[in-house]
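To start, the structure under review is shown below, and the notes come after it.
The values are calculated or read from the model by the stated rules, or taken from the named source; none is laboratory data. Note that the structure is predicted; figures quoted are calculated from it, not measured. FYI the Cβ positions are ideal-geometry reconstructions off the backbone, even for glycines, and counts take in every protein chain you see.
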DNA sequence: TTGAAAGCGATACCAT
DNA sequence: ATGGTATCGCTTTCAA
């Protein structure tokens with residue numbers, strides 16, 4: 001984990017100074033392009049530095065300059081388009097502030113997440129993340145660091161969390177399906193740790209509000225294949241279902257594919273509505289209708305809250321830390 | 001760009017020590033969970049730290065521990081699936097080494113890229129990137145830092161570069177099309193700065209090798225819409241074209257969509273072969289045939305070379321720094 | 001233009 | 001169990 005140990009001793013500014021026959025301040029001046037230095041001296045120093053392969057220690061430099069902020073972004077899987085979008089948004093918001101973002105992809109493994117959090121504290125000024133660790137664990141591992149959680153409902157006071165509120169959006173989606181004549185509407189829920197998911201609660205609530213029984217549910221892994229299998233299961237058990245709402249767009253895309261293989265035309269024979277509003281949804285056939293989240297806003301909010309935590313200016317209140325979802329009709333429903 | 005200036009003076013370990021009535025070593029012990037400390041003292045220190053909102057300086061800590069490596073990953077656009085895959089692969093390879101990766105998304109803007117490079121030197125130990133800056137600029141901005149370039153053909157000795165060699169893959173693709181009976185094969189090239197692209201050279205070379213004239217070319221922006229428009233143009237001007245090879249998969253997906261709108265069935269009426277081998281290609285309809293790159297390998301190679309540069313163990317040779325592409329047949333051709 | 005000395009904020013090593 | 005002191009590698013401040 002280190003460059004220490006075996007490797008040759010680090011080349012320091014003093015080595016360069018010695019080699020060039022000047023003091024280290026002069027070296028510093030040469031390297032930082034100050035003008036209070038003779039051209040020839042400068043060149044000599046630069047040559048010596050190059051020769052020795054000298055690179056300034058960012059720690060030493062940072063220690064005295066103290067002018068950089070970096071935040072750790074912890075996500076389960078960068079290849080999951082949802083997290084790609086969140087990450088891109090966070091990167092953008094951070095760049096606007098001149099911050100550096102250290103990205104950690106935990107590969108969906110809880111141990112990796114623990115390891116990451118354990119190591120992160122000494123590397124960044126704050127953490128933004130989609131974490132699955134229990135709160136007391138997070139607390140222990142990030143002691144002292146500002147932490148902004150993404151999409152966690154319950155949380156101790158120590159943390160900030162950006163909540164995702166899809167209630168109205170899901171309601172709009174279900175209403176729309178009902179208005180289009182659908183009565184048997186199923187859901188492809190996430191096969192995660194908390195089941196049924198909150199998104200399922202929204203679904204069930206919306207169904208009830210429409211005077212319908214919550215339809216059949218099938219559990220799907222968070223992947224296209226997962227969605228594919230789940231839809232097949234669902235339709236096998238409940239062939240009368242004419243519309244499905246899915247936990248997210250990835251699963252919905254799997255559903256689209258399964259429907260095609262089953263010979264069901266979307267949206268005529270089966271309407272599909274996803275959740276997340278991924279750009280990806282525009283590319284599939286037919287383009288996916290979805291309950292869309294503003295991921296840019298999500299990322300920006302997370303960074304904004306981090307900034308407030310960092311400067312101890314008043315943090316955003318719980319009510320401001322919400323991203324609402326809204327129905328985005330495309331062609332799958 | 002800093003937290004310095006206005007904000008209150010930073011809380012240091014000495015403040016905590018004073019407040020808790022102990023020495024700073026004791027504070028250090030309490031915070032780092034050493035066991036050579038009394039339980040009650042520890043608690044008192046922890047409380048004081050919490051009270052004061054103390055957070056250790058990562059620079060000071062890094063300075064004395066010297067056991068972390070972080071590399072900067074500079075890419076033009078994280079939302080471009082190709083770069084998402086490369087980034088994910090690099091992240092993975094870096095994690096395996098215990099490195100930290102600071103990600104910079106320059107939003108495809110050259111000035112941003114310059115700014116990023118300028119600021120990066122004091123933040124990371126090495127740079128891996130897909131850069132569009134001229135080489136002498138890069139050299140100037142990263143003076144001293146190891147730099148590994150991705151997909152740059154020409155380069156000064158100072159840099160390492162991972163080359164992408166699609167010659168054989170493209171040849172296989174064109175051969176396959178020809179064997180399938182195609183004679184008029186067009187290309188949707190990238191509307192970038194160097195035109196025609198190297199990928200076009202491969203295309204032209206393959207056509208010649210098959211005894212055909214290089215077909216008509218249309219230029220496309222790097223986007224789905226770009227591909228869509230480019231295919232429409234191409235077919236309008238050359239309706240006899242029965243197959244197209246595209247600069248990349250994104251453009252190919254646009255072509256797929258345009259073909260559908262034009263009433264041309266893929267692959268019967270029009271065969272399409274992309275380049276890159278994005279996962280995304282599996283999701284579209286029909287699944288995209290493509291000349292695929294191993295992005296995981298690409299990311300791993302970049303990180304491996306960075307490691308060698310960093311430890312001054314023999315760097316990989318030019319011949320080893322290549323990722324070859326190969327034809328991956330799916331259903332669009 | 002150059003150099004000497006004083007930090008920056010932590011940890012490690014050695015006393016006690 | 002606790003404290004003193006040296007040290008990490010650099011920039012800044014002040015003299016010369």
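For the residues B:169, B:107, B:98, the requirement of being touching a strand residue (DSSP E or B) at 6+ places or on another chain (Cβ under 9 Å) and in contact (Cβ under 8 Å) with a residue 12 or more places away in the chain singles out B:169. Restricting attention to region A:204-213, the residues that are crowded, with 16+ Cβ neighbours inside 10 Å and in contact (Cβ under 8 Å) with a residue 12 or more places away in the chain total 4. Scanning region B:12-35 for residues that are away from every other protein chain (no Cβ under 14 Å), near DNA strand C (Cβ under 8 Å from one of its atoms) and exposed (fewer than 13 other Cβ atoms within 10 Å of the Cβ) gives B:14, B:34.
Taken together, B:52, B:91 contain a single residue that is farther than 30 Å from residue A:280 by Cα and either buried (at least 20 other Cβ atoms within 10 Å of the Cβ) or in contact (Cβ under 8 Å) with a residue 12 or more places away in the chain (or both), which is B:52.
Search region B:260-271 for residues being within 14 Å of another protein chain (Cβ to nearest Cβ) and closer than 13 Å to residue B:333 by Cα, and hand back the single one that is modelled with the highest pLDDT. Among those residues, the one meeting the criterion is B:265. Taking residue B:84, is it more than 19 Å from residue A:116 (Cβ to Cβ), within 8 Å of another protein chain (Cβ to nearest Cβ) and either free of Cβ contacts under 8 Å to residues at least 60 places away in the same chain or touching a helix residue (DSSP H, G or I) at 6+ places or on another chain (Cβ under 7 Å) (or both)? It is true that residue B:84 is more than 19 Å from residue A:116 (Cβ to Cβ), within 8 Å of another protein chain (Cβ to nearest Cβ) and either free of Cβ contacts under 8 Å to residues at least 60 places away in the same chain or touching a helix residue (DSSP H, G or I) at 6+ places or on another chain (Cβ under 7 Å) (or both). When the strands (runs of 3 or more DSSP E) confined to region B:140-191 are screened for residues that are closer than 17 Å to residue B:290 by Cβ, those reaching at least 2 such residues are found at B:160-165, B:185-190. Taken over region B:298-311, the criterion of being over 15 Å from residue B:147 (Cβ atoms) and either in contact with a strand residue (DSSP E or B) (Cβ under 6 Å, 6 or more places away or on another chain) or modelled with pLDDT under 95 (or both) is satisfied by B:298, B:311. Can we say residue B:280 is within 23 Å of the chain's Cα centre (by Cα), within 11 Å of chain A (Cβ to nearest Cβ) and under 23 Å from residue A:224 (Cα atoms)? Yes; evaluated as a whole, the condition is true for this residue.
Taken across region A:67-78, residues that are touching a helix residue (DSSP H, G or I) at 6+ places or on another chain (Cβ under 9 Å), surrounded by fewer than 20 Cβ atoms within 10 Å (Cβ to Cβ) and free of Cβ contacts under 8 Å to residues at least 24 places away in the same chain do not occur at all. Residues of region A:112-133 that are within 23 Å of residue B:65 (Cβ to Cβ), more than 7 Å from every other protein chain (Cβ to nearest Cβ) and free of Cβ contacts under 8 Å to residues at least 40 places away in the same chain: A:112, A:113, A:114, A:115, A:118, A:119, A:121.
Of the residues that make up region B:58-81, is at least one assigned to a helix (DSSP H, G or I), more than 16 Å from DNA strand D (Cβ to nearest atom) and within 10 Å of chain A (Cβ to nearest Cβ)? Within region B:58-81, one or more residues are assigned to a helix (DSSP H, G or I), more than 16 Å from DNA strand D (Cβ to nearest atom) and within 10 Å of chain A (Cβ to nearest Cβ). Summed over region B:214-230, residues that are in contact (Cβ under 8 Å) with a residue 40 or more places away in the chain and under 19 Å from residue B:185 (Cα atoms) total 1.
A count restricted to region B:21-39 and to residues that are within 7 Å of DNA strand D (Cβ to nearest atom) and either under 14 Å from residue B:11 (Cα atoms) or outside any loop (DSSP other than H, G, I, E, B) (or both) stands at 4.
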